[in-house]
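Asks: Before anything else, here's the structure in question.
The values are calculated or read from the model by the stated rules, or taken from the named source; none is laboratory data. Computed from a predicted model, the values in this text were never measured in an experiment. As a convention, Cβ positions derive from the backbone with ideal geometry for all residues, glycine included, and neighbour counts pool all protein chains shown.
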Amino acid sequence: MTSMRQNTRPRSVAAGIILALAATLPAACGSTPNGSTPGSSTTTHQVRVDPALHGLLPPALRDRGVLRVGTDSSYAPMAAFAPDGRTIVGMEPDLGVEIGKVLGVRLEFVATDFETLLSEVSGGDLDLAMSAMTDTPERAKIADFVNYFTAGTSIVVQRSNPAGVTELIDLCGKVVAVESGTTQVDLLARTQKNCASQPIIVMTYQTNSDALLELRTGRAVAVLNDLPPAIFLVNDARTKSQYQLASTAQYEPGLYGIVVAKSQPGLRDAVVGALQELLRSGIYADVLARWDVQSGAVQHITVNSNR
C-alpha cells in the first residue's frame, strides 16, 4: 500500500481458501465518491483471448486454466471483502478478471497477508500477487513487477482533525498506526530524523483495517494510506463521518506492480501483453473509472520501473 508498501507479512493464505471472482460482481464497498456502483460491470469494450499471449503461459498453468493471485483484502477500493465476507472485490480483482479474459484463463484472488506476498510468489505458492504493492528496487531483486497503476501516500485523521495534523512533521511525538510491512513504515522512519526529541510513536498492525480501528477509537492520531484508499475512506457513506484527509499532499508517489516470480518470464510477458491490450482497447480505463481511481492511470505498461 502506499506508493510504497514494503512486503512480507506472516500469515499464510487465509485458510487456504481460494476466492473465485466473477466478471460482474455486485456492489461491495458502498458507492464510489462519484456515486457510481463499484464492482458492477460497466465495461463497454469487448476483449478476446489472445492465442499468442495464452501460449506464453507455462504449460502447467495453461492446463490448470487458473492463476492464483494473492492480495491483501483490507484496502478498498483496490481490494476488499464484499458484504458476504468471502468474495474479494475492487479495482484490482476487476482488472484481474479482464487480464484473465485476454489470457484465456481464470484469475482467482486469494486473501493473503501482505508481508508474505513476495515470498509466496517467488516460492511458487502463488502465481501472481496484485495488492497495491509499490515496485521498489529492493522488491524487484526478489520478483518482477509489471507496473499498472501509480499512487502516493496520504495522511488520514479523525473527522475534525482534533490533533491538528496537516503534514508529516506534525506527527512528531504522536501515535501513528500503519499496516506492517508497508513502505509507509519506511516513510515514517525517514521522517523521524526531523522530529528531534519527540519521535513519532509508530504502531504497526497486521491489516490496514486494524490500523484504522486505532485511529477511529482515538488510540492513534493518524494512519498513512495510499491516496485511493484514503479518498475512499473519506467519501464512502459508511466511513466519511469518521475520517478526513489531513491535507491534499501526496507523498512519494510510485508505481504499483503485479508480482511475478523471476523464474516465470513467460508468465510475466503474458501479463504485460494482456495489460497492454486492456490499455489499448479502453477496458483498462473502464475498470479504473468503475472504481473512481482514474487519477492513478498509467500511459504505458512497464516492468520494474521504480528504480
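Asks: Pull up segment 151-182, narrow it to residues that are hydroxyl-bearing (S, T, Y) and modelled with pLDDT of 95 or more, then point me to the one that is farthest from S295 (Cα to Cα).
Replies: S160
Asks: Give segment 249-269 a look and list any residue that's farther than 20 Å from L288 by Cβ and of a type in the set (S, T, N, Q), or say none.
Replies: S263, Q264
Asks: When only residues in segment 259-301 that are of a type in the set (D, E, K, R) and surrounded by fewer than 16 Cβ atoms within 10 Å (Cβ to Cβ) count, which is nearest to the chain's Cα centre (by Cα)?
Replies: Filtering segment 259-301 for residues that are of a type in the set (D, E, K, R) and surrounded by fewer than 16 Cβ atoms within 10 Å (Cβ to Cβ), the one nearest to the chain's Cα centre (by Cα) comes out as K262.
Asks: If only one of L279, L215, L233 is over 29 Å from L95 (Cα atoms) and in a helix (DSSP H, G or I), which one is it?
Replies: Answer to the selection: L215.
Asks: Looking at (1) crowded, with 19+ Cβ neighbours inside 10 Å; (2) without any contact (Cβ under 8 Å) to a residue 60 or more places away in the chain, find the lone condition where C195 falls short.
Replies: If we test C195 against (1) crowded, with 19+ Cβ neighbours inside 10 Å; (2) without any contact (Cβ under 8 Å) to a residue 60 or more places away in the chain, just (1) comes out false.
Asks: Using the structure shown, decide if Q192 is of a type outside the set (F, W, Y) and part of a helix (DSSP H, G or I).
Replies: The answer is yes for Q192.
Asks: Which one of the conditions (1) in contact with an Asp or Glu (Cβ under 7 Å, 6 or more places away or on another chain); (2) crowded, with 19+ Cβ neighbours inside 10 Å; (3) not in a loop (DSSP other than H, G, I, E, B) does M203 fail to meet, given that it meets all the rest?
Replies: With respect to (1) in contact with an Asp or Glu (Cβ under 7 Å, 6 or more places away or on another chain); (2) crowded, with 19+ Cβ neighbours inside 10 Å; (3) not in a loop (DSSP other than H, G, I, E, B), M203 is out only on (2).
Asks: Restricting the search to segment 169-189, which residues are farther than 23 Å from S119 by Cβ and assigned to a helix (DSSP H, G or I)?
Replies: The answer is I169, D170, L171, L188.
Yes/no per residue for (1) touching a helix residue (DSSP H, G or I) at 6+ places or on another chain (Cβ under 8 Å); (2) among the charged types (D, E, K, R); (3) on the phi < 0 side of the Ramachandran plot:
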residue	(1), (2), (3)
Y205	yes, no, yes
R219	no, yes, yes
A230	no, no, yes
D236	no, yes, yes
L245	yes, no, yes
E252	yes, yes, no
L255	no, no, yes
L275	yes, no, yes
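Asks: Name the one entry in Y256, Y251 that is surrounded by fewer than 23 Cβ atoms within 10 Å (Cβ to Cβ) and aromatic (F, W, Y).
Replies: Unique residue meeting the criteria: Y251.
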